[in-house]
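What follows is one structure encoded as C-alpha cells, with my remarks underneath.
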Amino acid sequence: MSRRLDARALRDLVLDPGSWQSWDTPVPARDAEDDYGRELARAAERSGQDEAVATGEGTLRGRRVAVVAGEFGFLAGSIGIATAERLMGAIERATAEGLPLLAAPVSGGTRMQEGTVAFLQMIGITQAIARHKEAGLPYLVYLRNPTFGGVLASWGSLGHVTIAEPGAAVGFLGPRVYEALYGEPFPEGVQTAENLAEHGLIDGVVPHEELADVADRVLSVLAARETWHRGLHVEGPVEGDGTDQDDPEDGRSAWDVVTASRRPDRPGVRQLLRTAATDIVTLSGTGAGERDPGLLLALARFGGAPCVVLGQDRRGQSLSAPLGPGALREARRGMRLAAELRLPLVTLIDTPGAALSVAAEQGGLAGEIARCLADLVVLEAPTLAVLLGQGTGGGALALVPADRVLAAANGWLGPLPPEGASAIVHRTVDRADEMAASQGVRATDLWRDGIVDRVVPERPDAADEPVEFCLRVGRVLAEELAGLLGRDERERMRSRSRRWRHLGR
C-alpha cells in the first residue's frame, strides 16, 4: 500500500513548483462549547486544515488546472455542509473559467455529526460536476486510501478517467459498518483499487510518482481539440498510402484476404498504437463492473490529431473467450467519452465474431449490438471506422457506421465467417471460399460497393511488414482525422445519415 499523502503533499508532487493558488476562504468557526465544535477545533489543530477539502488552481507541465483534494486528517475526510460548499464553489469556478478539473477524493463518507442534510450535499456536488462535464471540460479522478460511502457514490465515480493509488481501500459500505451490521468481517480483497481495476470499475492503479505523467498525457490529448492544427501543415495523401480514387484491386481472391487476416502474427490495435500514436492513455472497462479483453479503449493522438480509440484486440479474443456483450458496453462508454469530451472517435474492427453462448444471450448481446449502432449513427462527434483485419458478424457491424470507413487491403466484412455462410447455404463448410467471393466481403469489393471509402495497401501482407504497415495506417488516420475535424458539423451529420440510408441503392 502507498504511503498516505495529505492534500498538500500530493498537490506539491503533481503540480509545477510554486504554481499553487488556493481558492479556499476561511470556514467560520463553530461554537466550541458543544461536542461537535470541539471535534472541529481538534481536527483543524491536528491537520493544519480548516476543512476536509482543499481547492485551488495551479499548473501541470505548464497547463492551468483546477484541483479539489480531500484531507483525511480532518475528521476522516468526511463531507459536511461547509465542505460541500467549498467543493461546489470550486467546481463551479473551474467550469466558469473553462479549466480541467483534477479531483483527489479521500474520505470515510458523509459527516455523521451533521446528519441527513450533510448526506444530501452529494446531490449538489454531483450536479456541479455534471454541469462541468456538460460544458465539455475534463474531469479526472484519483481515488486515494480510503475512499468510501457517499463520496465514492458521487464525485468519486464520475471521472472521464478514474485511477487509484496502489492498495487503496475503495468501496461503498465501510468494512467497520458492515461488520457491525452483519456480525462478520467483509471479505478481504474486494474493496481494493486492484480489484476494482480488474473488474472494469476504474481505469488503472497508478503510484503517486506517476500521477503527473498520466494526467499530462490525458490533458495533452484533450487540449489538442483546440490547438493541434494551429500552425501545423497537415499533409495530404502520401504516395503509396492509397486514396479514395485508387482502385485497390491486386488480384487477391476473397479467400486469400480472409486467410491473410487470420494470420496469428498480423499486427493488431496494440501494435498500431505503440508504433503510430502518441500520448496514449489506455482506459479499462465499462466503469460499471465489466471488463472484456476483446476490446481496447484509449485516448490517443495520430499525427497530432486527438481521438478516442475503440479497438477490437485480436490478442484478447479466442474460441474460448470471444467478444462478448461486455466489450460492446465498454465500446459504448467510449462513444459517450467522445461525445462528452468532443473528440473524434476511431473504431478499429478486428474480430472473428461475437460470442455465441448462453452467457452472451443472457448478457444481451443482440441488444448491445443494436445500442452500439443506435449510439454511433447519431453520435455528434466525428467518426472514423477501420477494417483492420477480420470483420465477422454483429461484433464487427456494431462499430461500422461512421462518417468515413477505411479498410486494410486484407480487411474484410461479412455477416458470418465464410465457413458459417457455407454451412447455411450449402450445408457444408467446404465451400467457404466460394461464399467469401460471392458475398463480396473483401476490401476491394466493399470499396466498389461504396461501403469502404479508402483501402490502405499491404505489401503484400501486414504480417510481413508490421512496422511499415502500422506507420502507413497511422499516417492515413492523421490525414482522415484532419479532414473530419475540418468539416462543417451539420454537413457531416447529413452526409452520414444519407450514406447509411441509401447504401446499396
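Please treat every number below as a calculation from the coordinates, not as lab data. Source: prediction; values computed, not measured. Using ideal geometry, Cβ is built from the backbone for each residue, glycine included, and neighbour counts are taken over all protein chains shown.
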(request) Within the set of other residues whose C-beta is less than 15 Å from the C-beta of S357, count the net charge using Lys and Arg as +1 and Asp and Glu as -1. (result) -3
(message) Loop only by DSSP, 14 or fewer other Cβ within 10 Å of the Cβ. Give me the trypsin sites (Lys or Arg not before Pro) in region 358-467 that pass, ordered by residue number.
(response) R427
(request) Within region 184-227, report the GluC sites (Glu not before Pro) that DSSP leaves as loop and that have at most 16 other Cβ atoms within 10 Å. (result) E188
(message) Helix-only estimate, please: 222 nm mean residue ellipticity of the chain, summing -39500 (n - 2.57) across DSSP H runs of length 4 or more and dividing by its residues, to the nearest 500.
(response) -12000 deg cm²/dmol
(message) Using only the alpha-carbon atoms, how far is helix 325-341 inclined from the longest principal axis of the chain? Give it as 0 to 90 degrees, nearest 10.
(response) 70
(message) At a threshold of 8 angstrom on Cα-Cα distance, excluding pairs fewer than six apart, so keeping six or more, what relative contact order does region 7-220 reach in percent?
(response) 16
(request) Tally the DSSP beta bridges in the chain and give the antiparallel ones as a percent, rounded to 5. (result) 40
(request) Using a cut-off of 15 Å between beta-carbons, work out the net charge of the residues near D24 (Lys and Arg +1, Asp and Glu -1, D24 not included). (result) -3
(request) Assuming a ≥ b ≥ c are the square roots of the Cα gyration tensor eigenvalues, decide whether region 7-220 counts as rounded (a/c under 1.5), prolate (otherwise, with a/b larger than b/c) or oblate. (result) oblate
(request) List the residues whose amide H sits under 5 Å from the amide H of V53, counting only those 5 or more places along or on another chain, with H placed 1.01 Å from N in the peptide plane. (result) E71
(request) Would you mind checking the tilt of helix 211-227 against the longest principal axis of the Cα atoms of the chain, expressed as 0 to 90 degrees and rounded to 10? (result) 60
(message) If neighbour count is taken as other Cβ atoms inside 10 Å, put C372, C470, C307 in order from fewest to most.
(response) C470, C372, C307
(message) To test your reading of the geometry: what angle, between 0 and 90 degrees and rounded to tens, separates the Cα axis of helix 466-485 from the longest principal axis of the chain?
(response) 70
